[in-house]
1. Collect the residues in the range 27-62 that are surrounded by 11 or more Cβ atoms within 10 Å (Cβ to Cβ) and of a type in the set (Ser, Thr, Tyr), keeping them in residue-number order.
2. Just for the range 63-89: of the residues that are farther than 14 Å from Asp12 by Cα and in contact (Cβ under 8 Å) with a residue 60 or more places away in the chain, which one is surrounded by the most Cβ atoms within 10 Å (Cβ to Cβ)?
3. For the range 1-51, give me the residue count where each residue is free of Cβ contacts under 8 Å to residues at least 12 places away in the same chain, farther than 30 Å from Ser67 by Cα and out of contact with any Leu (no Cβ under 7 Å at 6 or more places or on another chain).
4. Inside the range 58-73, can you point out the residues that are in contact with a Pro (Cβ under 8 Å, 6 or more places away or on another chain) and farther than 10 Å from Leu20 by Cβ?
5. Could you tell me whether Lys19 is within 15 Å of the chain's Cα centre (by Cα), in a helix (DSSP H, G or I) and farther than 30 Å from Pro2 by Cα?
6. Between Ala74, Ala8, Ala40, which is at pLDDT 90 or above and in a helix (DSSP H, G or I)?
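The values are calculated or read from the model by the stated rules, or taken from the named source; none is laboratory data. Source: prediction; values computed, not measured. Cβ atoms come from the backbone with ideal geometry, glycine included; neighbour counts cover every protein chain shown.
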Amino acid sequence: MPTDIYVALARDMFIATLKLAGPLLLVALVVGTLVSILQAVTQVQEMTLTFVPKLIAMGLTVLLCGSWMLRSLAAFTIELIAEIPRYVQ
């Protein structure tokens, strides 16, 4: 198998991973930053205050973006399976 195919496969997998994890990581980053600012302003250092809002926000993100994420993963998998003959020579 030529290295070009390895590079293309790795690139496609990396892009798919970013597309799937991106919304969740972005929401966690924004909520975590807002909670940290709130904790710094109010001087309330409670561990559950950082965990619960992130958990709720991530759950809402999965509810809103879950179908898109599943369709994206299914499309990538179908494309990957269709390309098997190209990878095996």
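1. Selection gives Ser36, Thr50, Thr61.
2. That would be Arg86.
3. Adding up the residues that qualify gives 13.
4. Thr61 - this is the single residue of the range 58-73 that is in contact with a Pro (Cβ under 8 Å, 6 or more places away or on another chain) and farther than 10 Å from Leu20 by Cβ.
5. On the way: within 15 Å of the chain's Cα centre (by Cα): yes; in a helix (DSSP H, G or I): yes; farther than 30 Å from Pro2 by Cα: no.
In short, no.
6. Numbers: Ala8 fails: at pLDDT 90 or above; Ala40 fails: at pLDDT 90 or above.
Only one candidate qualifies: Ala74.
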